[in-house]
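Student: Dumping the structure here so I can ask a few things about it.
The values are calculated or read from the model by the stated rules, or taken from the named source; none is laboratory data. From a predicted model like this one, the values you see are computed outputs, not experimental measurements. Here the Cβ positions follow ideal geometry from the backbone for every residue, glycine too, while neighbour counts run over all protein chains shown.
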Ligand code: ADP
Ligand code: MG
């Protein structure tokens, strides 16, 4: 957890724990993330503004919207991955289990270790299947049985049956869809609270995509998931909540912002905002 390696970092707040504010209300217990993003900059360019939403435990939240509206930028803020980009600047607050992960006392490396991310292109390490999954366990100094944990993670990622006889072969020999599930196994091996996925299916075929979608539905019973997708059908199929982002072109810049956030069926069937209606109609017509 973040606080193990950092002084003054968030409370231990593991799964289902209260937020540590002395406020034990159950609605707060359900909140994993609370975003109050004012602005996100790359150098002088304001890429995103005004994102306010919360992500509840055990749900899948989809970020949708046209290319360049800041979906990935916002997703990467949830585990401070953007800090690795040159000139990135964050204004606002993101609370994870009640604690501001952008507070000065927080170690971003520990945040990234706690909140896993799966990318668009499967990126297994050039090592064996087994070592890919055991990697995070080693890094975290996990004291338990690594073999058991690896099997458990591979089963959790619906990959075990396909790889149990090639655990010690190179991960790079797997198919794209298998590699993506391996990356998911690698993320869940350390039992994170949250999984962030940035267009995890855009580089794999439709059959593999359906497998990953089935997997997401299974995983959300244990993990909270936030996913960026350009595939509206996918958002409709898997997400409980959907956030629709759009680009404001009224000024000289193209700045992404949150237009509408709510239950997925509401966003798709009864969008309240004109931009949401137009975008969804356009994409489905
Ligand atoms: P999306 O995922 O919705 O397509 P992004 O979050 O990738 O959008 O990008 C939002 C805006 O920020 C875009 O205008 C993009 O060009 C810009 N951007 C993204 N990453 C960087 C970066 N590393 N440096 C500068 N600008 C960036
Ligand atoms: Mg993106």
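Student: Only one residue in 44, 99, 57 is under 25 Å from residue 233 (Cα atoms) and more than 16 Å from ligand 2 (Cβ to nearest atom). Which one? Give the steps one after another, and end with the answer.
Tutor: Numbers: 44 fails: under 25 Å from residue 233 (Cα atoms); 99 fails: under 25 Å from residue 233 (Cα atoms).
Sole residue among the options that is under 25 Å from residue 233 (Cα atoms) and more than 16 Å from ligand 2 (Cβ to nearest atom): 57.
Student: Looking only at the range 122-145, decide whether some residue is away from ligand 2 (no atom under 16 Å from the Cβ), under 18 Å from residue 33 (Cα atoms) and buried (at least 20 other Cβ atoms within 10 Å of the Cβ).
Tutor: No, the range 122-145 contains no residue that is away from ligand 2 (no atom under 16 Å from the Cβ), under 18 Å from residue 33 (Cα atoms) and buried (at least 20 other Cβ atoms within 10 Å of the Cβ).
Student: Looking at the range 238-277, which of its residues are modelled with pLDDT of 95 or more, more than 16 Å from ligand 2 (Cβ to nearest atom), under 24 Å from residue 76 (Cβ atoms) and more than 16 Å from the chain's Cα centre (by Cα)?
Tutor: Correct list: 259, 260, 261, 262, 264, 267, 275, 276.
Student: Name every residue in the range 246-260 that is touching a strand residue (DSSP E or B) at 6+ places or on another chain (Cβ under 7 Å) and in a loop (DSSP other than H, G, I, E, B), in order of residue number. If you could, list the steps in order and put the result at the bottom.
Tutor: First, the residues of the range 246-260 that are touching a strand residue (DSSP E or B) at 6+ places or on another chain (Cβ under 7 Å): 246-248, 253-260.
Those that are touching a strand residue (DSSP E or B) at 6+ places or on another chain (Cβ under 7 Å) and in a loop (DSSP other than H, G, I, E, B): 253, 254.
Student: Could you name every one of the helices (runs of 4 or more DSSP H) located completely within the range 47-148 that has at least 2 residues being modelled with pLDDT of 95 or more and touching a helix residue (DSSP H, G or I) at 6+ places or on another chain (Cβ under 6 Å)?
Tutor: Details: elements: 71-77, 108-114, 129-139.
In the range 47-148, 129-139 are the helices (runs of 4 or more DSSP H) which contain 2 or more residues that are modelled with pLDDT of 95 or more and touching a helix residue (DSSP H, G or I) at 6+ places or on another chain (Cβ under 6 Å).
Student: Being within 16 Å of ligand 1 (Cβ to nearest atom), in contact (Cβ under 8 Å) with a residue 24 or more places away in the chain and surrounded by fewer than 22 Cβ atoms within 10 Å (Cβ to Cβ) narrows it down to one of 89, 95, 113, so name that one.
Tutor: Numbers: 95 fails: within 16 Å of ligand 1 (Cβ to nearest atom); 113 fails: within 16 Å of ligand 1 (Cβ to nearest atom).
Sole residue among the options that is within 16 Å of ligand 1 (Cβ to nearest atom), in contact (Cβ under 8 Å) with a residue 24 or more places away in the chain and surrounded by fewer than 22 Cβ atoms within 10 Å (Cβ to Cβ): 89.
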